[in-house]
1. Once you've got the GNM for the chain with C-alpha springs shorter than 10 Å, pick whichever of Ile26, Ile44, Ile63 has the biggest mean-square fluctuation.
2. For the range 36-44, take each phi angle, set θ = phi - 60°, evaluate the Karplus expression 6.51 cos²θ - 1.76 cosθ + 1.60, and give the result in whole Hz per residue in order, putting x for glycine and proline.
3. Taking the Cα centre of the chain as origin, work out the dipole magnitude from +1 charges on Lys and Arg Cβ and -1 charges on Asp and Glu Cβ, in debye rounded to 20.
4. With equal scatterers on the alpha carbons only and no solvent term, can you work out the Debye log10 of I(q)/I(0) for the chain at 0.16, 0.25 1/Å?
5. From a point 7 Å beyond the Cα of Ile44 in the direction of its Cβ, which residues of the range 6-26 have a backbone N at a distance under 16 Å?
6. Suppose the chain between Ile56 and Leu12 were pulled fully straight at 0.36 nm per residue; how much longer would it get relative to their current alpha carbon spacing?
Amino acid sequence: MGWLILGIGFVLFVEGLAYALAPVRIEDLLEMLRAIPPARRRLIGLVAMGIGLALIWLGRGMILDLCARVTGF
């Protein structure tokens, strides 16, 4: 459960950072997204999800490996 809260917090932090530092750029990005057909946006979202899942899987493995090295298990 702690990992889930950590992940959600990280996502909210990054999203908030984008809105805080570049609110006008976010509006421009939304306009560009409206120009992309829904099927293409869906594909982009699926690819982003796959990359994110792979990074989580790799990162989790690295953390578990580091914990095993530190504790000796």
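1. Between Ile26, Ile44, Ile63, it is Ile63 that shows the largest mean-square fluctuation.
2. Result, ordered by residue: 8, x, x, 4, 5, 4, 4, 4, 4 Hz.
3. Numbers: 7 positive and 5 negative charges, 49 e Å.
Here the size comes out at about 240 debye.
4. Reported log10 I(q)/I(0), two decimals: -0.83, -1.17.
5. Of the residues in the range 6-26, 25-26 have backbone N under 16 Å from the label point off Ile44.
6. Values: separation 44, 0.36 × 44 = 15.84 nm, distance 1.64 nm.
Between Ile56 and Leu12, full extension yields an extra 14.2 nm.
Coordinate-derived values only; no laboratory data. Just so it is clear, the model here is predicted, and its values are computed rather than measured. Note that we place each Cβ from the backbone using ideal geometry, even for glycine, and neighbour counts take in every protein chain shown.
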